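The values are calculated or read from the model by the stated rules, or taken from the named source; none is laboratory data. Model, not experiment: these values are computed from the prediction. Counting neighbours? That spans all protein chains shown, and the Cβs are built from the backbone with ideal geometry, glycine included.
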Amino acid sequence: MSEKETGFTTMSGPKSTGVVRDIGIGMLGYAFMGKAHINAYKTLPYMMYPPPAVPVLEAIAGTNVDAVNEAAKRYGYKRAYTDWRKLIEDPAVEIFDNCGPNAVHSEPSIEAAKAGKHVFCEKPIARTAEEAMKMVEAVDKAKVKNMVAFNYRFVPAIRLAKDLISSGKLGRIYHFRAVYLQEWIMPHYGTPAIWRLDKNLAGSGALGDLGAHIIDLAHYLVGDIKAVSAMAKTFIDRRDGPEGKNTFKVEVDDAFVSCVEFADGGIGTLEASRFAAGHKNGEVLEINGELGSIKFNLERMNELDVLWVGEEPSNTQGFRNVSITEGYHPWYNNWWPHGHIIGWEHTFIHELTHFIDCIVNDKSVAPYGASFYDGYKAAVICDAILKSAETKKQIDIKY
């Protein structure tokens, strides 16, 4: 597609590239994640300034004609389709943004790649590693940019932790432990048989929904996982379905816990649950190395707790809490004065700016963004955790 000038001219300086072009967005889905992505597309041109390109909301697709037309009206898309194939055929669409349920991650993303579209897909990349590998093969063959929406890589505190680890500041890594806890399908919520509880649509439960995030962060921050052993549990195996009370059999996990071994010799634990009373979006991780430790809590996402071995006052007082809001911290020069915190929605702005920059300037999505191959590796671990829970054996990982 030819570049289209918008009249949006960058500021002078080292980041300036002249006239910023438009880039056409086509989105499948428009619910929770769709809203988050659309907010990012609308915000990034003036906050991630100068932007690598200006997103233009060209087309949106969904199965319900009234709902998809309402979404197009609400968000400002030019066209609405009830068939995602028509969306992919739309010549104005350059980026195919797949926000659909897990069951429609694979086929539409593969077809979009075949059509030459760059593909941005929500997590988990697919229901199984086998399905994910087909997606990897498709984007590699088509030579299109591809990225999985593991947005927590784009929390400033997480990026800072990544930089500290990569620089050797923590030395050898001994431990990685992470939990991701929510409560929203506990009995008192009366959650019926939504698609996230359907194995055919979701692939897994808390594992793919929450666990995939902390698995990816383990890969991102520490490295490849070489072995897992795990337990998984479904606490309520019947939900209210279309045919009435307790008519739907739940076959996905409500919670899992796993021990992991990393290729570099470290060990770790991973846990996720949607039955953790009191936790709304409780993702917490800790990394212990020979020279220091880092702790992060998503519900206090503008902070890191750090300790440097042998350094005062850490050596005598333990962890220090650090506000990650300075202008020199990742992305903060685009936002507010120090101490003025940003939120969860900003992670999508950061990650989509990164993806568009990779497209426009032909950069690699990795290592900071999660490529489809990174998504595949997370899917391999998800499959291995379920297999270990079923067989009650340790599973050695092969990618």
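Consider the range 256-275 and keep the residues that are among the small types (Gly, Ala, Ser) and surrounded by fewer than 18 Cβ atoms within 10 Å (Cβ to Cβ). The one that is farthest from ASP383 (Cα to Cα) is GLY265. For the range 345-365, the set of residues classified as assigned to a loop (DSSP other than H, G, I, E, B) and either charged (D, E, K, R) or touching a residue at least 60 places away in the same chain (Cβ under 8 Å) (or both) consists of GLU345, ASN361, ASP362, LYS363, VAL365, listed by residue number.
The residue that is modelled with the lowest pLDDT, counting only those in the range 304-315 that are surrounded by 11 or more Cβ atoms within 10 Å (Cβ to Cβ) and either over 25 Å from GLU283 (Cβ atoms) or of a type in the set (A, V, I, L, M, F, W, C) (or both), is ASN315.
Candidates TYR328, TYR368, TYR399: the one that is under 21 Å from ILE125 (Cβ atoms), at pLDDT 95 or above, of a type outside the set (Lys, Arg) and outside any helix (DSSP H, G or I) is TYR368.
Only one entry in VAL104, VAL119, VAL148 is among the β-branched types (Val, Ile, Thr) and within 29 Å of ASP264 (Cα to Cα), namely VAL148.
Among the residues of the range 378-388, are any part of a loop (DSSP other than H, G, I, E, B) and not assigned by TED's automatic domain parsing to the domain that holds GLY34? No: the range 378-388 contains no residue that is part of a loop (DSSP other than H, G, I, E, B) and not assigned by TED's automatic domain parsing to the domain that holds GLY34. Restricting attention to the range 226-243, the residues being at pLDDT below 95 and of a type in the set (Gly, Ala, Ser) number 1. Of all residues in the range 289-300, those satisfying the criterion of being under 25 Å from the mean Cα position of the chain (by Cα) and either surrounded by fewer than 18 Cβ atoms within 10 Å (Cβ to Cβ) or over 15 Å from LYS162 (Cα atoms) (or both) are ASN297, LEU298, GLU299, ARG300.
The single condition among (1) under 17 Å from TYR77 (Cβ atoms); (2) of a type in the set (Gly, Ala, Ser); (3) surrounded by 23 or more Cβ atoms within 10 Å (Cβ to Cβ) that SER109 does not meet is (1). Evaluate the following for ALA149: is it under 30 Å from LEU87 (Cα atoms) and touching a helix residue (DSSP H, G or I) at 6+ places or on another chain (Cβ under 8 Å)? Judged against the criteria, ALA149 is a match.
Quick grid of which residues meet (1) touching a strand residue (DSSP E or B) at 6+ places or on another chain (Cβ under 6 Å); (2) touching a residue at least 40 places away in the same chain (Cβ under 8 Å):
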| residue | (1), (2) |
| --- | --- |
| ILE110 | no, no |
| ALA115 | no, no |
| VAL119 | yes, yes |
| PRO124 | no, yes |
| LYS134 | no, no |
| VAL148 | yes, yes |
| TYR152 | no, yes |
| ALA157 | yes, yes |
| LEU160 | no, yes |
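Test LYS363 against the criterion of being basic (Lys, Arg), closer than 21 Å to VAL144 by Cα and within 16 Å of the chain's Cα centre (by Cα), and give yes or no. No; evaluated as a whole, the condition is false for this residue.
For beta carbons closer than 9 Å, sequence separation of 6+ or different chains, a first residue in the range 307-318 that is more than 19 Å from ILE173 (Cα to Cα) and a second that is surrounded by 10 or more Cβ atoms within 10 Å (Cβ to Cβ) and of a type in the set (Lys, Arg), the qualifying pairs are PRO313/ARG320.
Residues are listed down the side, and each one gets a yes or a no for (1) assigned to a strand (DSSP E or B); (2) touching a strand residue (DSSP E or B) at 6+ places or on another chain (Cβ under 6 Å):
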{"residue": "ASP253", "(1), (2)": "no, yes"}
{"residue": "CYS259", "(1), (2)": "yes, yes"}
{"residue": "LEU270", "(1), (2)": "yes, yes"}
{"residue": "ALA277", "(1), (2)": "no, no"}
{"residue": "LYS280", "(1), (2)": "no, no"}
{"residue": "ASN288", "(1), (2)": "yes, yes"}
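Of ASP97, ASP66, ASP90, ASP83, all but one fail to be touching a residue at least 60 places away in the same chain (Cβ under 8 Å), surrounded by fewer than 21 Cβ atoms within 10 Å (Cβ to Cβ) and among the acidic types (Asp, Glu); the exception is ASP90.
Here is a yes/no grid of residues against (1) of a type in the set (Phe, Trp, Tyr); (2) over 25 Å from LYS123 (Cα atoms); (3) crowded, with 19+ Cβ neighbours inside 10 Å:
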position	(1), (2), (3)
GLU286	no, no, no
GLN317	no, yes, no
ASN334	no, yes, no
PRO337	no, yes, no
PHE355	yes, no, yes
ILE359	no, no, yes
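Checking SER273, SER293 one by one, the residue that is in contact with a helix residue (DSSP H, G or I) (Cβ under 8 Å, 6 or more places away or on another chain), touching a residue at least 60 places away in the same chain (Cβ under 8 Å) and either of a type in the set (Gly, Ala, Ser) or not assigned by TED's automatic domain parsing to the domain that holds ILE225 (or both) is SER273 and no other.
Kindly list the number of the only condition in (1) exposed (fewer than 13 other Cβ atoms within 10 Å of the Cβ); (2) within 12 Å of PRO156 (Cα to Cα); (3) among the β-branched types (Val, Ile, Thr) that fails for ILE342. Result: ILE342 fails condition (1) only.
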